[in-house]
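I have placed the structure first, in the form of structure tokens, so that the comments after it can refer back to it.
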Protein chains: 2
Amino acid sequence: MTNSKPVLHTALSPALLHLYDLNQAIVVIIDVLRATSTIATALYNGAKCVIPVDSVAKCIELGRQIDGITAGERDGKIAEGLEYGNSPFEYPREFVGGKTLVLTTTNGTKLLHMALDRGAGQIVTGSFPNLDAVCQYLLSQNQPVVLGCAAWKDRVNIEDLLFAGAVVNRVKEHFHINCDSSQIAETLYLDAQKDLYAFMKSKNASHYHRLMSYGLEKDIRYCLTPDVANVLPLYENGKLIVL
Amino acid sequence: MTNSKPVLHTALSPALLHLYDLNQAIVVIIDVLRATSTIATALYNGAKCVIPVDSVAKCIELGRQIDGITAGERDGKIAEGLEYGNSPFEYPREFVGGKTLVLTTTNGTKLLHMALDRGAGQIVTGSFPNLDAVCQYLLSQNQPVVLGCAAWKDRVNIEDLLFAGAVVNRVKEHFHINCDSSQIAETLYLDAQKDLYAFMKSKNASHYHRLMSYGLEKDIRYCLTPDVANVLPLYENGKLIVL
């Protein structure tokens with residue numbers, strides 16, 4: 001079978017990432033609630049860069065060295081010893097503009113380092129706030145793509161799957177997709193797209209409940225809104241910068 | 001939160017099975033195309049038992065010892081050295097009645113042994129041909145449940161997810177379900193239920209294509225038909241027997 005389109009796969013959990021060849025691929029790190037939404041927002045609001053680190057200790061140490069903002073969560077709450085959390089609303093332009101954010105989160109930043117260790121060709125981050133920027137970039141590159149869902153402690157979640165489905169829905173004509181996970185993602189997205197928030201609520205999504213119990217409805221609604229922080233965070237030399 | 005209902009989870013791939021506590025649970029092994037459909041059919045047609053083994057060598061050795069039918073596939077084709085394959089149509093009553101089937105398959109029998117190694121409380125097998133028997137059993141037991149999808153070489157597939165969704169849809173009122181994978185499965189099933197075959201085809205399911213390329217449309221259609229071999233295969237002392 002001849003097919004000159006690049007392949008696209010979706011990895012529904014970090015525990016499935018090893019099934020896909022990342023070497024020549026663009027890996028899109030997806031952690032909708034809330035790491036990658038917050039990364040897009042901070043960069044959109046003028047942060048110089050976001051440095052994702054995989055432990056609280058590294059976050060504190062690096063923050064001190066470079067005089068950056070230390071931020072992150074464990075289990076959905078601000079991690080002990082850090083100054084700020086993982087809410088996009090903590091990073092308005094007047095606060096984050098020109099600054100460096102050092103960020104560690106339960107799932108998203110861990111997946112990013114996993115993709116790095118597995119030799120990903122390029123790493124970008126995706127979320128509804130920068131959906132269009134992600135799709136435009138993937139369409140411009142003509143490279144294989146792996147949509148990597150951060151999930152929750154390796155358990156598949158609805159919101160990351162919905163974002164993967166939104167991407168599949170927008171770029172599928174330009175990729176060769178022989179991947180049931182991608183089809184599942186798009187099917188779910190098509191069911192949900194009219195009102196993503198109502199869908200999350202009606203499906204009793206576990207992360208929806210976790211964040212609602214912390215009073216974070218506003219965060220959820222924002223993180224499900226397309227194209228409100230439409231930049232492409234690209235990982236280069238240890239930093240996420242705006243392409 | 002008090003909740004006296006037992007929990008239900010869905011593991012979308014063998015590579016995610018370790019995330020769930022199997023000790024007190026009934027694990028439903030799901031390999032719709034075609035291992036668990038064939039197991040239900042052989043037992044429905046009067047086979048004495050089905051012995052699932054995890055290698056072709058063991059299959060041949062055991063088949064010789066007990067004068068059983070050696071059967072199985074690797075990559076969808078009859079494995080070298082075995083007499084029969086993994087099609088339910090190979091096991092009509094007049095052939096399989098009273099006999100023992102020794103079966104090895106790419107994904108389903110491997111998952112069963114993995115669940116066994118992880119200390120599963122009980123193991124049963126599920127497929128559309130025995131959907132109702134599975135649901136009735138789960139409802140009768142009042143135990144935690146893990147729906148274990150065999151997938152394809154650890155990659156999530158549509159058909160096993162559809163079956164998990166069919167089960168969730170029928171039993172959900174009687175379980176506590178805080179599991180996005182189960183919600184995703186049911187959502188997909190609700191989209192597909194009117195015509196599972198058409199859904200598989202329209203979604204370009206990878207296994208649909210694999211089996212169609214071997215001329216196995218009839219197998220696919222049968223394996224997506226509910227309740228045509230409505231027995232409950234229960235694993236006991238190394239054998240799947242009818243409860």
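The values are calculated or read from the model by the stated rules, or taken from the named source; none is laboratory data. On a predicted model such as this, the values are computed, not experimentally measured, just so you know. Methodologically, a virtual Cβ is constructed for each residue, glycine included, from the backbone with ideal geometry; neighbour enumeration extends over all protein chains shown.
Only one of the numbered conditions (1) among the acidic types (Asp, Glu); (2) surrounded by fewer than 20 Cβ atoms within 10 Å (Cβ to Cβ); (3) modelled with pLDDT of 95 or more is violated by A:GLU80, and that is (3).
Checked against (1) within 14 Å of another protein chain (Cβ to nearest Cβ); (2) at positive phi; (3) surrounded by fewer than 22 Cβ atoms within 10 Å (Cβ to Cβ), A:GLY119 passes all but a single condition, namely (1). Residues in the range B:90-110 that are within 21 Å of B:ASN237 (Cβ to Cβ) and in contact with an Asp or Glu (Cβ under 7 Å, 6 or more places away or on another chain): B:THR104, B:THR105, B:GLY108, B:THR109, B:LYS110.
Per this entry, B:ASP132 is not counted among residues that are out of contact with any helix residue (DSSP H, G or I) (no Cβ under 6 Å at 6 or more places or on another chain), within 23 Å of B:LEU224 (Cβ to Cβ) and crowded, with 18+ Cβ neighbours inside 10 Å. Among the residues of the range B:106-121, at least one is at pLDDT below 95, in contact with a helix residue (DSSP H, G or I) (Cβ under 9 Å, 6 or more places away or on another chain) and not in a helix (DSSP H, G or I).
Per-residue answers, yes or no, for (1) of a type in the set (A, V, I, L, M); (2) under 13 Å from the mean Cα position of the chain (by Cα):
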residue: B:LEU8; (1), (2): yes, no
residue: B:ALA15; (1), (2): yes, no
residue: B:ILE39; (1), (2): yes, yes
residue: B:ASN45; (1), (2): no, no
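Sort out for me the helices (runs of 4 or more DSSP H) sitting completely within the range A:155-214 that have 1 or more residues that are more than 11 Å from chain B (Cβ to nearest Cβ), of a type in the set (D, E, K, R) and in contact (Cβ under 8 Å) with a residue 24 or more places away in the chain.
Values: elements: A:158-171, A:180-192, A:196-202, A:206-212.
Ranges flagged: A:158-171.
When B:LEU17 is tested against (1) buried (at least 24 other Cβ atoms within 10 Å of the Cβ); (2) of a type outside the set (Gly, Ala, Ser); (3) under 25 Å from B:LEU188 (Cα atoms); (4) out of contact with any Leu (no Cβ under 7 Å at 6 or more places or on another chain), just one condition goes unmet, and that condition is (1). If you go through the range B:180-210 and keep only what is surrounded by 21 or more Cβ atoms within 10 Å (Cβ to Cβ) and of a type in the set (A, V, I, L, M, F, W, C), you end up with B:ILE184, B:ALA185, B:LEU188, B:ALA192, B:LEU196, B:PHE199, B:MET200, B:ALA205.
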